1. Please go through the stretch 29-57 and give me each residue that is under 11 Å from the mean Cα position of the chain (by Cα) and aliphatic (A, V, I, L, M), ordered by number.
2. Could you go through the stretch 88-100 and let me know if any residue there is over 23 Å from LYS37 (Cα atoms) and in contact with a Phe, Trp or Tyr (Cβ under 6 Å, 6 or more places away or on another chain).
3. Give the residue, chosen from ALA153, ALA99, that is over 18 Å from GLU48 (Cα atoms), free of Cβ contacts under 8 Å to residues at least 60 places away in the same chain and within 16 Å of the ligand (Cβ to nearest atom).
4. Is it the case, given these coordinates, that LEU96 is of a type outside the set (S, T, N, Q), modelled with pLDDT under 95 and crowded, with 16+ Cβ neighbours inside 10 Å?
5. When the residues of the stretch 141-179 are narrowed to those that are at pLDDT 85 or above and loosely packed, with under 11 Cβ neighbours inside 10 Å, which ends up nearest to TYR44 (Cα to Cα)?
6. Check off (1) over 23 Å from ARG147 (Cα atoms); (2) crowded, with 18+ Cβ neighbours inside 10 Å for LEU50 and give me the number that stays unchecked.
7. Go through (1) hydroxyl-bearing (Ser, Thr, Tyr); (2) within 21 Å of PHE145 (Cβ to Cβ); (3) modelled with pLDDT under 95 and name the single condition TYR36 misses.
8. Sort through PHE161, PHE141 and tell me the only one that's of a type outside the set (Gly, Ala, Ser) and within 16 Å of the ligand (Cβ to nearest atom).
Amino acid sequence: MSKPTEADSAYLHSLMIMHDATMPTEEKAKRLLGIYKQSNRLAYLVFEYLFRTKPHLAWENFDSSKSHLLVDVLWQVQKKDLDLDIIAKNGYLRELYTARGDVDLVTNSTIFEFDVLIHLKNKANATLAFEYICNDCKQIFPFGFNRCSNCHALESSIVEFSLTKDYHRDFSEENNSFQ
Ligand SMILES: [Zn+2]
């Protein structure tokens, strides 16, 4: 077996940290950030974890040049965890969160899906659906990944999105009508 590359070892080290049942979340978040900063790799793995568990740390260390790579993660950040100062300062984030309906900071977007949602202004049951394509073997997955389960390439995931009906919103509005 060949020697693991630097990318392999950063990835394996990150997995060990994430799956360590005895390490507190705060410590995991700090160590993952350390690996990310040192290796300049694994942005998706590290920030997906941070936005889910320690959103303030995620924003504090957020590199807006990675916004496209993390669009699905950003789309799923809970409204209470948004950092409005950071969002206001970045063009992509202003468009993304205006499209999601959290802020009203732009009137259009060069990204078609964002532009449609901005113009709908939450008046239709529409949202984004994501899929993930391996840049090496071109296999499509319904979930994000750090290592492709088909060809085993690391960090080969490209996220793409399209407009879709918002089933969750249908469901919550139906529930509200019974109150
Ligand atoms: Zn692949």
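The values are calculated or read from the model by the stated rules, or taken from the named source; none is laboratory data. From a predicted model like this one, the values you see are computed outputs, not experimental measurements. Methodologically, a virtual Cβ is constructed for each residue, glycine included, from the backbone with ideal geometry; neighbour enumeration extends over all protein chains shown.
1. Step one: list which residues in the stretch 29-57 are under 11 Å from the mean Cα position of the chain (by Cα), which gives 43-52.
Once the filter is applied, which keeps residues that are under 11 Å from the mean Cα position of the chain (by Cα) and aliphatic (A, V, I, L, M), the stretch 29-57 yields ALA43, LEU45, VAL46, LEU50.
2. First pass over the stretch 88-100, keeping only residues over 23 Å from LYS37 (Cα atoms): 88, 91, 94-100.
Subsequent filtering for residues that are in contact with a Phe, Trp or Tyr (Cβ under 6 Å, 6 or more places away or on another chain) retains 95, 99.
There is at least one residue in the stretch 88-100 that is over 23 Å from LYS37 (Cα atoms) and in contact with a Phe, Trp or Tyr (Cβ under 6 Å, 6 or more places away or on another chain).
3. Values: ALA99 fails: within 16 Å of the ligand (Cβ to nearest atom).
Answer to the check: ALA153.
4. Values: of a type outside the set (S, T, N, Q): yes; modelled with pLDDT under 95: no; crowded, with 16+ Cβ neighbours inside 10 Å: yes.
Criteria not met by LEU96.
5. Here is the first cut: in the stretch 141-179, the ones at pLDDT 85 or above are 141-166.
So of that shortlist, the ones also loosely packed, with under 11 Cβ neighbours inside 10 Å come out as 142-143, 149, 162.
Numbers: PRO142: 16, PHE143: 12, SER149: 16, SER162: 20 Å.
Among those that are at pLDDT 85 or above and loosely packed, with under 11 Cβ neighbours inside 10 Å, it is PHE143.
6. (1)
7. (3)
8. Working: PHE161 fails: within 16 Å of the ligand (Cβ to nearest atom).
After applying the criteria, what remains is PHE141.
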